[in-house]
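Have a look at the structure below, then the notes.
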Amino acid sequence: MYGWKSHFVIQADYQHWANEAMLASLGHLTPDSLTSDQGLYFRSIHHTVDHMLTVLKEGMACLQGECQRLNHWQLHHTDWGELQSALRHDTRRLQTWLQEQEEDFFEREIAVNGADGRPQPMWARDLLTHLFTHAAHCRGQVIAAACRLGAPYPQLAFSVYRREMERLLNELRQGEGRNPTAG
């Protein structure tokens, strides 16, 4: 059965895949390009990726019942390598955590910080939808700026992800059919 849990576990995996494609593209830029003002809401590519991680951390805390408000204007990871590692780690941590939840978790109401800083109710599934669409929005900004700077354009569409996962699953299935000791 395909329910909310399966949906969001797949979405979390997609987030990791799309982040990897984004980071690979950004790997073609100079450190100065990553930190220079590119006209983004958070000015630089680096700060926008840091913001993606900040929102992910806030959302994860709310999902776990420990809502916190982080300063989005503060750069939390000044080292680009550390930021990349933290984004990878926390995206996979969310996916693993989602896999551990019962199906009914996604039907629960949880408290999230409102714009006024006070807790407000939200369905877990709506918060997850927000987290994932927010990340896609930020990735779009980052990739647009990166491409203007000469980075290659990565294919980030969910349909591309699904085709890639199907291809990998088919390769695994074909590999399982082979007997490595025969020969």
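The values are calculated or read from the model by the stated rules, or taken from the named source; none is laboratory data. In this text, all values refer to a predicted model and were calculated from it rather than measured experimentally. Positions of Cβ are backbone-derived with ideal geometry, glycine not excepted, and every protein chain shown enters the neighbour counts.
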Neighbours by Cβ (under 8 Å, 6+ apart or cross-chain): first from the stretch 144-170, on the phi > 0 side of the Ramachandran plot and in a loop (DSSP other than H, G, I, E, B); second surrounded by 11 or more Cβ atoms within 10 Å (Cβ to Cβ) and modelled with pLDDT of 95 or more: Gly150/His28; Gly150/Leu29
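Only one of Cys147, Cys138 is over 18 Å from the mean Cα position of the chain (by Cα), under 20 Å from Phe42 (Cα atoms) and not hydroxyl-bearing (Ser, Thr, Tyr); which? Can you show your working first?
On the way: Cys138 fails: over 18 Å from the mean Cα position of the chain (by Cα).
Within the list Cys147, Cys138, the selection yields Cys147.
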Test: Trp17 is aromatic (Phe, Trp, Tyr), in a helix (DSSP H, G or I) and under 19 Å from Tyr153 (Cβ atoms): yes
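Does His7 meet the test of being surrounded by fewer than 20 Cβ atoms within 10 Å (Cβ to Cβ), assigned to a loop (DSSP other than H, G, I, E, B) and at pLDDT 95 or above? Please lay out each step first, then the result.
Values: surrounded by fewer than 20 Cβ atoms within 10 Å (Cβ to Cβ): yes; assigned to a loop (DSSP other than H, G, I, E, B): no; at pLDDT 95 or above: yes.
Considered against the rule, which asks whether it is surrounded by fewer than 20 Cβ atoms within 10 Å (Cβ to Cβ), assigned to a loop (DSSP other than H, G, I, E, B) and at pLDDT 95 or above, His7 comes out as no.
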Of the criteria (1) under 24 Å from Leu29 (Cα atoms); (2) out of contact with any Leu (no Cβ under 6 Å at 6 or more places or on another chain), which one Cys67 fails: (1)
Single unsatisfied condition, His134 versus (1) in a helix (DSSP H, G or I); (2) touching an Asp or Glu at 6+ places or on another chain (Cβ under 8 Å): (2)
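Results for (1) of a type in the set (Val, Ile, Thr); (2) modelled with pLDDT of 95 or more, shown as yes or no for each residue.
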| position | (1), (2) |
| --- | --- |
| Ser36 | no, yes |
| Phe42 | no, yes |
| Ile45 | yes, yes |
| Thr48 | yes, yes |
| His51 | no, yes |
| Lys57 | no, yes |
| Leu63 | no, yes |
| Gln68 | no, no |
Considering residues of the stretch 18-28 that are of a type in the set (A, V, I, L, M, F, W, C) and buried (at least 17 other Cβ atoms within 10 Å of the Cβ) only, the residue nearest to the chain's Cα centre (by Cα): Ala18
Residue in the stretch 31-84 that is nearest to the chain's Cα centre (by Cα), counting only those that are within 22 Å of Trp123 (Cβ to Cβ), surrounded by fewer than 19 Cβ atoms within 10 Å (Cβ to Cβ) and among the small types (Gly, Ala, Ser): Ala61
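Of all residues in the stretch 105-125, which are in a helix (DSSP H, G or I) and surrounded by fewer than 14 Cβ atoms within 10 Å (Cβ to Cβ)? Can you show your working first?
The first filter runs over the stretch 105-125 and keeps only residues in a helix (DSSP H, G or I), leaving 105-107, 124-125.
Glu107 - this is the single residue of the stretch 105-125 that is in a helix (DSSP H, G or I) and surrounded by fewer than 14 Cβ atoms within 10 Å (Cβ to Cβ).
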Selection count where residues are touching a residue at least 40 places away in the same chain (Cβ under 8 Å) and farther than 16 Å from Gly117 by Cβ, scope the stretch 61-88: 6
Residue within the stretch 39-56 that is touching a helix residue (DSSP H, G or I) at 6+ places or on another chain (Cβ under 9 Å), without any contact (Cβ under 8 Å) to a residue 12 or more places away in the chain and in a loop (DSSP other than H, G, I, E, B) present: yes
Every residue from the stretch 103-143 that is free of Cβ contacts under 8 Å to residues at least 12 places away in the same chain, farther than 18 Å from Tyr14 by Cβ and not charged (D, E, K, R): Gly114, Ala115, Gln120
